[in-house]
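Okay, so here's the structure we're looking at.
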Amino acid sequence: MTVFSFATATEIRFGRGEGPRAMPALAALGQRVLLVHGANATRADWLRDGLVRQGCDVSSFAVPGEPDLPMIEAGLHQARAKGVQAVIALGGGAVIDAGKALAALVPATRPVLEHLEVVGQGLPLDARPLPFAALPTTAGTGAEATRNAVIAVPDAQRKVSLRDARMLPRMAIVDSALTDGCPRAVTLASGLDAITQVIEPYISTRANPLTDSLTLPRIAPALTALDRLMHGNDPAARDEMALTSLCGGLALANAGLGVVHGLAGPLGGLSNAAHGALCGVMLPHGLVANAAGASGAALDRITRVQTEIGHALGVAAPDAFRALAEWASQAGLPGLDAQGVTAAHRAEAARMAATSSSMKANPVALDEDSLARIMEDAR
């Protein structure tokens, strides 16, 4: 039997209505709370009011876009001035990453940059993070179950990770009702990100029996659910996508990712394109590249993924990756050109991906020409 370890959030609560029901447990994390939310603060009113009724002193911090270094530094200034004891994030992956980073860095004594990978020194945190809880409002990133936060560094034109095993949330509240009404384009991009995150850990070189159980069985149900959501709101399909996103987060935190995320990180930093849309449009082409270079057990795993995708889309397995690209395009996912990714961005991303942490677990060693072809095909 394969030897492996597995780490995740201290407590996961999953199901419709779990957000409001978790209020006493959330309030118990700390009396002075920093509530991190998206650009529309009114969407967090129910959570803010509930925490206040539980006796918490709540201050708010808005995350209007994907977090960058200046935003995190502004949040740290606010949180330290308020003496916050816990951080709770309600929102999509960007909001949860920002909240996770703030909870990790409020007690830290070093400059933020020293803890960042690639552009900094990647030093471990020098103090235990504050208690952190995540309530996702999109079914995409699985950030509620991971031990890192992605932060853009504008001066370096990179998106890099702040990473520490202690950054795993104290509580992950996955209430799929919070994703109801999510805009169609966000549902599509975040949903394809979630699907990427159950595929890449499955074909990863660090996959293990537990991550396998969380990943392969989710591919076909997730694609089927996402297709239903492209035709209208469907609570049962939202439930499926929330579960897929959570499973992907659990898996990637323990088995890693691959070439799609290895390219999406640099491309996002260079172009400011949305992470989920980048992953979604490159996924089929990344799978083609891996299949072309794989052999043995790695190829067997990619073939199983191909079969699951084909089953969900109603095509023969050999046509599955092409069909996935066509389905995403017909659903409205823009290509790289339409996302603002230029030829210069693609060339630089191919070079930068070699140092990406996500590439370390990819099942095939891909050179710059292969990486460039993936992005060219995703245009």
Only one of (1) among the acidic types (Asp, Glu); (2) at pLDDT 95 or above; (3) surrounded by fewer than 24 Cβ atoms within 10 Å (Cβ to Cβ) does not apply to residue 97, and that is (3)
Taking into account only those residues within region 174-207 that are in contact with a helix residue (DSSP H, G or I) (Cβ under 8 Å, 6 or more places away or on another chain) and assigned to a loop (DSSP other than H, G, I, E, B), which is most open to solvent (accessible area, probe 1.4 Å)?
206
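Tell me, which helices (runs of 4 or more DSSP H) lie completely within region 26-112 with 2 or more residues that are touching a residue at least 24 places away in the same chain (Cβ under 8 Å) and of a type in the set (S, T, N, Q)?
Of the helices (runs of 4 or more DSSP H) lying wholly inside region 26-112, none has at least 2 residues that are touching a residue at least 24 places away in the same chain (Cβ under 8 Å) and of a type in the set (S, T, N, Q).
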Filtered residue count, region 1-27, keeping only those that are closer than 19 Å to residue 129 by Cβ and open to solvent by 80 Å² or more (accessible area, probe 1.4 Å):
1
Using the structure shown, decide if residue 357 is surrounded by fewer than 20 Cβ atoms within 10 Å (Cβ to Cβ), touching a residue at least 24 places away in the same chain (Cβ under 8 Å), touching an Asp or Glu at 6+ places or on another chain (Cβ under 9 Å) and farther than 30 Å from residue 229 by Cα.
yes
Single condition residue 275 does not satisfy, out of (1) open to solvent by 40 Å² or more (accessible area, probe 1.4 Å); (2) within 20 Å of the chain's Cα centre (by Cα); (3) over 19 Å from residue 152 (Cβ atoms)
(3)
Those residues that are assigned to a helix (DSSP H, G or I) and within 10 Å of residue 267 (Cβ to Cβ), I need them from region 335-349; list them, please.
345, 346, 348, 349
From the residues in region 208-252 that are open to solvent by less than 50 Å² (accessible area, probe 1.4 Å) and part of a loop (DSSP other than H, G, I, E, B), which one is nearest to residue 5 (Cα to Cα)?
208
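The values are calculated or read from the model by the stated rules, or taken from the named source; none is laboratory data. Since the model is a prediction, treat every value here as computed from it, not as a measurement. Glycine gets a Cβ as well: all are built from the backbone with ideal geometry, and neighbour counts include every protein chain shown. With ligands, DNA and RNA removed, areas are computed over all heavy atoms of the protein, side chains included. Shrake-Rupley method; radii C 1.70, N 1.55, O 1.52, S 1.80 Å.
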